[in-house]
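To keep things clear, I will list the structure first and then write my remarks on it.
Rule-based calculations on the coordinates, nothing more; no lab input. Here the structure is a predicted model, which means the values were calculated and not measured.
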Amino acid sequence: MGTRRPFAGAEAPAGINRRDFVKFCSIMAASMGLPLEMAPRIAAAATSPRRPSVIWLSAQECTGCTETLLRAGHPTLETLILDLISLDYSETLNSGAGRQAEAYREKMIAENEGKFVLVCEGSFPTKDGGVYCKVGGRPVVDILRETAPKAAAVIAIGSCASWGGVPSADPNPTGAVGVAEILADSGIPVVNIPGCPPNPYNFLSTVLYYVTFKRLPELDDKGRPAFAYGRLIHENCERRPHFDAGRFAERFGDEGHRKGWCLYKLGCKGPETFNNCPTLRFNDVGVWPVNTGHPCFGCSEQGVGFHAPLFSPARPLYITPPTQFAPAKPPRGEGASTLAAAAVGAAVGAAVVAAGVSLRNTKQKDEDEDA
Ligand code: FSX
Ligand code: SF4
Ligand code: F3S
């Protein structure tokens, strides 16, 4: 009797070869923290002809979130997104416009009530009755309020939709807030996928999880999928050994910067930002802000990106042991002195952080006293 192949029956979507598809589903299972045995279930769900209807609302944003999904360097992503869901309304991608598009949105919502996924991109203005962002002549915030209760799930994509993002930066002239704040009294749960833009794979994994298991993934206390936002950037950063050894770039272009040392003193917010950028990376070529030489500015963290000054020291939330270590065996000739320096350096790193925190606290105290 022959054994059934685990991926039997799950044909790869058109345009993707089967080997790539099987590999992709295995990577997705791993990135969601699931055992590899789940990969065939994910493959079956991803290729099911029953695709969830998605209504995609756009409010105050730059369209970067849509762009990051659809202009991905790897064709698999775009193909899978559009194969996985039935995108029934999206202002960026609609072929119709005006009254025709609005009428189609209402029709799709009525036909799929209780079953569609509402994806929101951008922040929602609340000042002056929400007049600062209108769609079809109506404040988009009103469209959100009437649509969300009819959806099966609500996903806020990007930092703008999660907690206001760019449009909510001081002085926040439109009273921009995220979806969860608008729906706070409704009891409707909102999944936040923050980032400006977010990593498209974090969105794809969340949707894949939903279509595979018919429920939302585990969320943290800020509504983010725990599998993607469970760790501080600082915990997985490849520059972390330099932080622990007390080696910091002091200025852009100085020797430390050129040598790839830690960017903490240039304002890196990795120690207070939860995201998987160092492990997932972007654009299929392994880049992320810190490995291009730019400090993380906390684009995905509530109250950090677009709110904290760019070059001010981060408030390290906690100091954990690094997940990546400097080589235990020092390079030839450096011997014990390197290890001793590393031990001293770890203390230096902690001291620098403590100094940064106390600097911040003093500054805050001064501001409080001035207020
Ligand atoms: Fe905001 Fe997304 Fe940044 Fe832009 O739409 S999260 S400004 S990448 O586009 O909402
Ligand atoms: Fe990496 Fe920034 Fe942490 Fe330095 S402070 S180790 S650059 S995340
Ligand atoms: Fe944003 Fe920082 Fe990642 S700036 S993209 S959260 S490294």
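Given the Cα-Cα distance of residue 107 and residue 70 and 0.36 nm per residue of separation, how much length would full extension add, in nm?
10.8 nm
Under a 5 Å amide H to amide H cut-off, with H placed in plane at 1.01 Å, what residues pair with residue 156 once short-range neighbours are removed?
120, 191, 192, 193
Can you tell me the length gained on complete extension of the stretch residue 27 to residue 279, counting 0.36 nm per residue apart and subtracting the Cα distance?
Full-extension gain reported as 89.5 nm.
Count the DSSP beta bridges whose two residues both fall in region 18-229, then state the antiparallel fraction as a percent rounded to the nearest 5.
Roughly 25 percent of the DSSP beta bridges within region 18-229 come out antiparallel.
List the residues whose amide H sits under 5 Å from the amide H of residue 246, counting only those 5 or more places along or on another chain, with H placed 1.01 Å from N in the peptide plane.
Placed amide hydrogens put 349 under 5 Å from residue 246.
In whole percent, what relative contact order does region 18-229 give with Cα contacts below 8 Å and a gap of six or more residues?
RCO, region 18-229: 22 percent.
Over region 231-330, what is the mean sequence separation of C-alpha contacts under 8 Å (at least six apart), divided by residue count, expressed as relative contact order in percent?
RCO, region 231-330: 33 percent.
Step through the residues of region 224-236 one at a time and calculate ³J(HN,Hα) from phi using the Karplus curve (6.51 cos²θ - 1.76 cosθ + 1.60, θ = phi - 60°), rounding each to whole Hz and writing x for Gly and Pro.
9, x, 4, 5, 9, 10, x, 10, 5, 4, 4, 6, 10
Any number yet on Rg/Rh for region 18-229, C-alpha, Kirkwood?
Here the Rg-to-Rh quotient is 0.96.
Residue-wise, which Karplus ³J(HN,Hα) couplings in Hz belong to region 187-204, taking 6.51 cos²θ - 1.76 cosθ + 1.60, θ = phi - 60°, and x for glycine or proline?
Coupling constants for region 187-204: x, 7, x, 10, 8, 9, 10, x, x, 9, x, x, 5, x, 5, 5, 5, 4 Hz.
Can you give me the long-range amide H partners of residue 134? Hydrogens built in the peptide plane at 1.01 Å from N, cutoff under 5 Å, separation of 5 or more residues or another chain.
140
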